[in-house]
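A.B. asks: Here it is, the structure, as structure tokens.
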Amino acid sequence: MLGLKLPTDPRWVNIVEKNIEEILTDHAYCEQKAASNAITVIVKFPMYPDVVEAMAELVKEEIEHFQMVHQELVKRGLKLGFERKDEYIHDLLAFQRKGGGREQQFVEKMLFGAMIEARSCERFRLLSEKLTDPDLRVFYRKLMESEARHYMMFLNFAKKYATTIDVDHRWKEFLEYEGGLMNKYGKKDTIHG
């Protein structure tokens, strides 16, 4: 369903299990950034009422996820650390086409969002199946389902509002690029790293 070209190395879960505080901190900030991204979509593309409504709902959901992750940290006697730079996101941003008309900007923003949600969904599936902690397995299973919905939402909006752009072709380019990126990721205690 996701079309990802290179799966996460399953050994990444071993890194996660040794660094639960770090991964949960990174995850919390990923949720905060997803909410911020949805707000940016509202500000840049107010002409699409259904997109605005969906993004407003997404902001609420992502902040709830942030709160869930924070509560998981507290429950374990851990603390939210400081935000770290997300190199994966930086690399994806470098691939986005800059400039162009509003339609191109919209499609790029939607595909950017879809790509992040797709990889997060794949990572959360891995965590839900491979972590030894049963509570975290359930936790990540629920979040995986949300990421799958978000992935489809972004992709569907790109297709709905593109009139001159071949979204399927551009999505394949995103998938190929991201697949190449994954050779250097999956080795750190971060959600995308």
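A.B. asks: Report, to the nearest 10°, how far helix 102-130 tilts away from the longest principal axis of the Cα atoms in the chain, using its own Cα long axis and a range of 0 to 90°.
C.D. replies: 20
A.B. asks: By count of other Cβ within 10 Å, fewest leading, how are His192, His90 ordered?
C.D. replies: Values: His192 22, His90 9.
Ranking His192, His90 by Cβ neighbours within 10 Å, fewest first, gives His90, His192.
A.B. asks: Give the peptides 162-174, 55-67 in descending order of average Cβ contacts within 10 Å, highest first.
C.D. replies: Details: 162-174: 14.2, 55-67: 17.1.
The most tightly packed comes first, giving 55-67, 162-174.
A.B. asks: Among Val13, Val52, Val43, determine the one that fluctuates most according to a GNM of the chain built with springs between C-alpha atoms less than 10 Å apart.
C.D. replies: Its mean-square fluctuation being the largest, the pick is Val43.
A.B. asks: Right, next: Using only Cα atoms, tell me the angle between helix 20-44 and the longest principal axis of the chain; keep it within 0 to 90° and round to the nearest 10.
C.D. replies: In the chain, helix 20-44 runs at an angle near 20 degrees to the longest axis.
A.B. asks: Determine the calculated [θ] at 222 nm for the chain from helices alone, applying -39500 (n - 2.57) to every DSSP H run no shorter than 4 residues and normalising by the residue count; nearest 500 deg cm²/dmol.
C.D. replies: Details: 7 runs with 140 residues, N = 193.
One gets -25000 deg cm²/dmol as the mean residue ellipticity at 222 nm.
A.B. asks: Another question, if that's okay. Taking the Cα centre of the chain as the origin, how large is its charge dipole in debye, to the nearest 20, when only Lys and Arg (+1) and Asp and Glu (-1) carry charge on their Cβ atoms?
C.D. replies: Values: 30 positive and 32 negative charges, 55 e Å.
The calculated dipole for the chain is roughly 260 debye.
A.B. asks: OK, next. Percent of Cα-Cα pairs more than 20 Å apart in the chain, please. Numbers along the way, then the final one.
C.D. replies: Numbers: 9953 of 18528 pairs.
Of the Cα pairs, 54 percent sit more than 20 Å apart.
A.B. asks: Counting other beta carbons within 10 Å of each Cβ, put Val107, Val74 in order, fewest first.
C.D. replies: Details: Val107 25, Val74 11.
Starting with the residue having the fewest Cβ neighbours, the order is Val74, Val107.
A.B. asks: Around Met182, with a cut-off of 9 angstrom between Cβ atoms, what is the net charge of the other residues, counting Lys and Arg +1 and Asp and Glu -1?
C.D. replies: Details: positive: Lys5, Arg119, Lys184; negative: Asp9, Glu178.
Charge balance in the 9 Å sphere: +1.
A.B. asks: Still on this structure: For segment 12-181, build the charge dipole from Cβ charges (+1 Lys, Arg; -1 Asp, Glu) around the Cα centre, then report which of Ala114, Leu136, Phe157 sits farthest towards its positive end.
C.D. replies: Going by the charge dipole, the pick is Phe157.
A.B. asks: On to the next question. For Ala94 and Val74, calculate 0.36 nm times their separation in residues minus their Cα-Cα distance, and state this gained length in nm to one decimal.
C.D. replies: Details: separation 20, 0.36 × 20 = 7.20 nm, distance 3.52 nm.
Result: 3.7 nm gained on full extension.
A.B. asks: Also, quick follow-up: For each of Thr8, Thr25, count neighbouring Cβ atoms within 10 Å of the residue's Cβ, then give the residues from fewest to most. Can you show the working numbers first?
C.D. replies: Values: Thr8 18, Thr25 23.
By the 10 Å Cβ count, ascending, the order reads Thr8, Thr25.
A.B. asks: Could you state the angle between the C-alpha long axis of helix 134-161 and the longest principal axis of the C-alpha atoms of the chain, as a value from 0 to 90 degrees rounded to the nearest 10?
C.D. replies: 10
All of the numbers you see were taken from the coordinates with simple rules; none came from a lab. Remember, predicted model here, so these are calculated numbers, not experimental data. Because the Cβ atoms are built from the backbone with ideal geometry, glycine has one as well, and the counts that use them run over all protein chains shown.
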